[in-house]
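What follows is a set of notes on a single structure, which appears directly below.
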Amino acid sequence: QVQLVESGGGLVQPGGSLRLSCEASGTIFSVNVMSWYRQIPGKEREVVARISNTGNTYYRDSVKGRFTISRDNSQNTVYLQMNSLKLEDTAVYYCHLEEPLQHLIHWGDGTLVTVSS
């Protein structure tokens, strides 16, 4: 049973920074993709960034140059460094793990990021 536990959310002023962490536990296959999604109430969940086990990354356009995704494979942990935060970054951020060869996906419970002055 894979569990994903997020941490690092909170309240920050516009222009500030936060670092989210997500630790995965359980039996995880080596070929996987870890991602961060976010969801604003009333809107669809959207991918923010993803990183494969080989280090390939993807960012949605609105966060390019501001957010950085990274991972520590030895700790099964993924990070999201968020800089220059904007009001529109306010959302619940979810950790997501995909094991494509096993056709499995896993979600964390989410952590709230609030950008407000």
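Some observations on this one:
- When all protein chains stay in place and ligands, DNA and RNA are ignored, the 1.4 Å accessible-area order of H96, H103, largest first, is H103, H96.
- Per-residue accessible area (protein heavy atoms, 1.4 Å probe) orders L97, L87, L18 as L87, L18, L97, starting from the largest.
- Separation in nanometres of the label points that stand 7 Å from Cα toward Cβ, at R60 and F29: 2.7
- For segment 1-96, the convex hull spanned by the alpha carbon atoms encloses 98 Å³ per residue.
- 13 Å cut-off, amide nitrogen to a point 7 angstrom out along R19 Cα→Cβ, residues in segment 57-75: 68-72
- Three-way shape call for segment 29-76 based on the alpha-carbon gyration tensor, with the a/c threshold at 1.5: prolate
The values are calculated or read from the model by the stated rules, or taken from the named source; none is laboratory data. Every value quoted in this text rests on a predicted model; they were computed, and no experiment measured them. For neighbour counting, all protein chains shown are included, and Cβ atoms are generated from backbone atoms with ideal geometry for every residue, glycine included. Heavy atoms of the whole protein, side chains included, go into the accessibility calculation; ligands, DNA and RNA do not. Shrake-Rupley method; radii C 1.70, N 1.55, O 1.52, S 1.80 Å.
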